[in-house]
Amino acid sequence: MSRPTLITGGAGFIGTNMASRLLDEGREVVVLDNLSRPSVRDNLQWLHENYPHGLRMVQGDVRDAAAVRNAVRGVGEIFHFAAQVAVTTSVTDPLYDFGVNLGGTLTLLEEVRRMPTPPTLLFTSTNKVYGSLNDVRLIEGPRYEPAHAPYRDYGVAEDRPLSFCSPYGCSKGGADQYVLDFGMSYDLPTVVFRMSCIYGPHQQGNEDQGWVAHFVKRALGHTPITLYGDGRQVRDLLYVEDLLDALQSAVASIDRLHGKAYNMGGGSENAVSLLQVLDEIAALSGQRPEVDFDGWRIGDQRWYVSDTRRFGAATGWAPQVDVADGIKRLYAWLEGQDCAAMAES
């Protein structure tokens, strides 16, 4: 019988989706979460209601070695999602950001390396480890596009030099490097995903993080959306179910993938501007959301698209849900939630 899976930050957006999938497969799941974000209690309640068996909850902080030691006991794989997730928060409180993202990851790694049979550990890093990409010359049309290949054709590959940007980029980037180094130094089965924009059900986005869900919630609540910058900035979007496929593919291929980092997102075929996302939402709602504009924010990239070819070649993985379908699914899920959730500040 397989050992349980630990999901740190398991009551968050990605964690809830991963827990649900594993529980549907009949797996045992341990969730470690400090329940500090308002929406995660709703996610945890949903998990308990839908999966009365197979779920063990450890309420605790990833910075707390005792809580982590309790959570890792007997597990066979770990998805490390627990994090401080907003660039804006990292700018206003860099010590907290550092403690959670880098300190918490190191605490987890220390507990893992002490285990008799260390579990596979997959860590979700960020595209911010590549910095602002100011050296990539962009064409300023209806949306920003790189002037030259291979960026124009495929996006940013893993051979791009690291250049941490914002305290968030530093803390996640430092954690990224610790995970890779522990894999080499202590022979731990680790993989890093440097992620672009993930979206889907159980995402209660806000202005600082989870912007696709934030846009949909604002549209459903008939409240204005503030775009920081000009709205022409481009991201590649990856629907959460496709991310779960990638994570499970990495676990299945850990003998070949361990100790490596992979860029993870929707790739060039799912690259859209913020304004294009608003167009998709308008097609669903029947009217375009009201938009205000404000200045650019620290750490914002005018263009970022993941080159996922390396991971695809290693595992056969490719995204299955395109942007239009994914936004439609997210819109339907949020539309079915309590209308009070739309009254977001």
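The values are calculated or read from the model by the stated rules, or taken from the named source; none is laboratory data. Note that the structure is a prediction, hence the values are computed from the model and not measured. Cβ placement follows ideal geometry from the backbone for every residue including glycine, while neighbour counts extend to all protein chains displayed. Please note that ligands, DNA and RNA were not included when accessible areas were found on the heavy atoms of the full protein model with its side chains. Shrake-Rupley method; radii C 1.70, N 1.55, O 1.52, S 1.80 Å.
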Practice prompt. Apply the Kirkwood formula to the chain: the hydrodynamic radius equals the inverse of the mean of 1/r over all pairs of different alpha-carbon atoms; give it in Å with one decimal.
Written response: 20.3
Worksheet item: In whole angstrom, how far apart do the alpha carbon centroids of the stretch 189-240 and the stretch 110-177 sit?
Response: 17
Practice prompt. Order the peptides 157-170, 220-233, 11-24, 183-196 from the highest to the lowest mean number of other Cβ atoms within 10 Å of their residues.
Written response: 11-24, 183-196, 157-170, 220-233
Worksheet item: Using a 1.4 Å probe on the protein chains only, how many percent of the accessible area of the chain belongs to carbon and sulfur?
Response: 49
Worksheet item: If all Cα-Cα distances of the stretch 164-252 are sorted into 5 Å bins from 0 onward, what percent lands in each bin, rounded to whole numbers?
Response: 3, 11, 15, 18, 19, 15, 9, 6, 3, 1, 0
Practice prompt. Would you mind computing, in nm to one decimal, how far apart the modelled labels at ALA283 and ASP255 are, each placed 7 Å from Cα along Cα→Cβ?
Written response: 4.4
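So which of LYS172/LYS328; LYS128/LYS328; LYS128/LYS172 end up more than 20 Å apart by C-alpha?
Exceeds cut-off: LYS172/LYS328; LYS128/LYS328.
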Worksheet item: Taking only C-alpha pairs under 8 Å that are 6+ residues apart, what is the relative contact order of the chain in percent?
Response: 18
Worksheet entry | Probe 1.4 Å, protein heavy atoms only - accessible area per residue of the stretch 1-99 in square angstrom | 45
Response to the item:
Per DSSP, the loop-located GluC sites (Glu not before Pro) within the stretch 1-100 having at most 12 other beta carbons within 10 Å are GLU25
Worksheet item: Could you give P(r) for the stretch 39-172, binned at 5 Å from zero, as whole percent values over all Cα-Cα pairs?
Response: 2, 8, 14, 15, 15, 15, 11, 8, 6, 4, 1, 0
Worksheet item: Between the stretch 263-285 and the stretch 1-63, what is the C-alpha centre distance in whole Å?
Response: 29
Practice prompt. Arrange the residues TRP303, TRP46, TRP333 by how much accessible surface each exposes, largest first, with a 1.4 angstrom probe.
Written response: TRP46, TRP333, TRP303
Fill in: For the stretch 135-276, size of Cβ-based charge dipole, Lys and Arg +1, Asp and Glu -1, in debye
320
